[in-house]
Amino acid sequence: MTAVLEKPLPTAPRSLEVERFVARAAHRSPVRRLLSRLRWPLGIYTTPAVIVLAWELASRIGLLAENTAPAPTRILHAGYELYQRGELVPSVVISLERAGAGLALGLAVGVTAGVLGGLLRSGEYLFNGVVQILHTIPLLAILPLMIVWFGIDELTKVLLISFGAALPMYLNLFAAIRGVDQRLVEMARSAGASRFRQVARVLLPGALPGFLVGLRFALAYSVLGLVAAELVNADRGIGFLISRAQTYQQTDQVFFGLMIYAVLGLLADQFVRILERVLLSWRPGFEAS
């Protein structure tokens, strides 16, 4: 009997372009990495920082009028004056309480409706049509109706913020659940997984990226809802400071209030970015060059 020699299966040769791409990615010189960091020292906030510096320079040399766009240093000084008078910290705390209450209510409604709508056909029929209709109505268009229904108290402001947070969360979570690869569900079903395990181990983890996208939009829209709620009939909060500054034509205080809203939006975005790094560490993504 002659021994049969097993030959290894031939592997597909790599193309020259793939080899070059891998070599460039693996052996990127430290000098290029250093130059990239120097070019964007603050990351995604490099461009906003450059705009602020150009704004300060244009104000100092007289290209921008003080009553139209005061210098950033003048805006910060106006905020310091509000702090010295004891008005800044209580206003920020009240606005954060409103935003937190409205965001919690909106996320609770949006996540619950999104999960039910994504998993159940009856949930889709129950929620999807209503959400698609409400999604086309601007926040400011709903505000007069809420004032008629609930008055001008805190409840109207919290409900307006929750309305802005719930809709994007539902839409993104619903689309994320329905976008999970059907082959993964079939694989889990073939392995004998129960319906609960299919949802817990396949559908919800697969929908996690879409959930985080919805969370980013929900946080952004909650800030927009806070702005809309506080600029109408508010007697406390950041919006009240802006409305009062508008009445007395204190442009620097108006800009400072807008800066606080912008900082809240940036902090919300950073919070979601941290969640993405922690919760999606298992999923490699494209890294731009």
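The values are calculated or read from the model by the stated rules, or taken from the named source; none is laboratory data. Being a predicted model, the structure only gives us computed values, none of them experimental. Glycine gets a Cβ as well: all are built from the backbone with ideal geometry, and neighbour counts include every protein chain shown. We work out accessible area using only protein heavy atoms, side chains counted, and drop any ligands, DNA or RNA first. Shrake-Rupley method; radii C 1.70, N 1.55, O 1.52, S 1.80 Å.
Quick notes on this one:
- Condition met for ARG201 (of a type outside the set (Gly, Ala, Ser), in contact (Cβ under 8 Å) with a residue 40 or more places away in the chain and open to solvent by 20 Å² or more (accessible area, probe 1.4 Å)): no
- Criterion violated by ILE61 - all others in (1) loosely packed, with under 11 Cβ neighbours inside 10 Å; (2) of a type in the set (A, V, I, L, M); (3) at pLDDT below 85 satisfied: (3)
- Close contacts from the stretch 225-238, counting a first residue that is at positive phi and a second that is β-branched (Val, Ile, Thr), with Cβ to Cβ under 6 Å and a gap of 6+ residues or different chains, come to ASN233/ILE152; GLY237/ILE94.
- Residues considered: GLY151, GLY118, GLY123. Of these, the only one that is among the small types (Gly, Ala, Ser), over 24 Å from the mean Cα position of the chain (by Cα) and over 19 Å from LEU226 (Cα atoms) is GLY123.
- Selected residue (criterion: nearest to ALA220 (Cα to Cα)) from residues of the stretch 117-148 that are buried (at least 17 other Cβ atoms within 10 Å of the Cβ) and among the aliphatic types (A, V, I, L, M): LEU139
- Test: residue in the stretch 220-229 that is modelled with pLDDT of 90 or more, assigned to a helix (DSSP H, G or I), of a type in the set (S, T, N, Q) and surrounded by 13 or more Cβ atoms within 10 Å (Cβ to Cβ): no
- Against the test of being out of contact with any Lys or Arg (no Cβ under 6 Å at 6 or more places or on another chain), among the small types (Gly, Ala, Ser) and touching a residue at least 24 places away in the same chain (Cβ under 8 Å), the options GLY179, GLY192, GLY129 yield a single qualifying residue, GLY179.
- Matching option when the condition is more than 16 Å from PHE255 (Cα to Cα), modelled with pLDDT of 85 or more, not assigned by TED's automatic domain parsing to the domain that holds THR251 and not in a loop (DSSP other than H, G, I, E, B), among VAL50, VAL31: VAL50
- Neighbours by Cβ (under 7 Å, 6+ apart or cross-chain): first from the stretch 246-275, in the same structural domain as VAL223 (by TED's automatic domain parsing) and within 22 Å of ALA228 (Cβ to Cβ); second open to solvent by 90 Å² or more (accessible area, probe 1.4 Å) and of a type outside the set (Ser, Thr, Tyr): THR251/ASN67; VAL254/GLN246
- Out of GLY164, GLY100, GLY151, GLY117, sole residue that is out of contact with any Gly (no Cβ under 6 Å at 6 or more places or on another chain) and closer than 19 Å to GLY214 by Cβ: GLY100
- Residue match in the stretch 232-245 (condition: open to solvent by 50 Å² or more (accessible area, probe 1.4 Å) and in a helix (DSSP H, G or I)): yes
- Residue in the stretch 207-219 that is touching a residue at least 12 places away in the same chain (Cβ under 8 Å) and either closer than 18 Å to VAL92 by Cα or in contact with a Phe, Trp or Tyr (Cβ under 6 Å, 6 or more places away or on another chain) (or both) present: yes
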